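Encoded as structure tokens, the structure appears first; notes follow it.
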Amino acid sequence: MGRKRCVGADCSKMAAGCCGVKKQKLSGSPGSGGPGGVGAGNGVAGTGHCGSDLGIGSSSTVAAGNMNRVNGLGCPGGSSSSTNALTPTPGGYNSAGLSPNLSLGSGSGSGGRKMVVSAEMCCFCFDVLYCHLYGYQPPRTPRFTNDSYPLFVTWKIGRDKRLRGCIGTFSAMNLHPGLREYTLTSALKDSRFPPVTRDELPRLFCSVSLLTNFEDVGDYLDWEVGVHGIRIEFFNEKGSKRTATYLPEVAKEQGWDHIQTIDSLLRKGGYKAPITNDFRKTIKLTRYRSEKMTMSYAEYIAHRQHHHYQNGTGHPLPPYNHYS
């Protein structure tokens, strides 16, 4: 069985992207760097990312204060200031006007307790991205909880829901600034992809994942596919420590079993030697759970229309003739 870990100072060391690895921290001022994700090296957050010069599976960490930005979903293969346009009134985020098919996703919830993640968080992420792309002042502070959680923001696109960007942090972060930051980081700075554009907005899906229940486990097989996310630490052929992680939904979506998931993570983490069962036993594994909510752009627009009608706020809605 696993040993529970706190999500705070200790877990701030757990920066690892689920299609990436961790790299020794590079010199540079906080907030500098580039596309977010995780790096590779001595277990310290650094810079680099999936498909970067660190090699396949490498990821990049952008330092922002003490935050570690992390590449999100595993791939098998600044805001501007002007008028307060798209801003809802404080407390304007509610479920009214949203379609009932908002998905909670794999690994959502834990032990039957009330979930923290909500559709309002996805709405807020869409607002943040919309305001940024159209040059409006960032939306006001939302009314959902500002408690601290490790979090990921994921963007997918099209009917087949192809990954478009996913970056987050294993450091617990207040949700209001955390979602603002990682909304834009995942949409614009995931270097596996070009920045999201206005024209792509109508085809986007936004997912917010809040990570909970971190546990160190002694057996690399002591986790459940579709329930737990996993983070592994291992030493590569050159003796360098590497880390890699997959969010809870990845293994299930790919149809992988335990061994296939572990081996995929090792490869994504840059391990190139033959993978033996004896080597797998040397892995340090941490399992965790996730609360996840997903919303489509159409559902976001339905919410914005309802809110505009109900409250008479003056924010502009995206022009339909532009997105038809």
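No value in this document is a laboratory result; all are computed from the given coordinates. No experiment lies behind these values; they were computed from the predicted model shown. With ideal geometry, Cβ positions are generated from the backbone for all residues, glycine too; neighbour counts draw on all protein chains shown.
A simple spin-label model places the labels of N277 and Q254 2.2 nm from each other, with each point 7 Å out along Cα-to-Cβ.
Classified by the C-alpha gyration tensor, region 125-166 has an oblate form. Its axis ratio a/c, with a ≥ b ≥ c, is 1.5 or above, and a/b does not exceed b/c. Projecting the Cα atoms of G158, L179, H132 onto the charge dipole of region 124-186 (Cβ charges, centred on the Cα centre) puts G158 farthest toward the positive pole.
Convex hull volume per residue, computed on the Cα atoms of region 156-277, equals 137 Å³.
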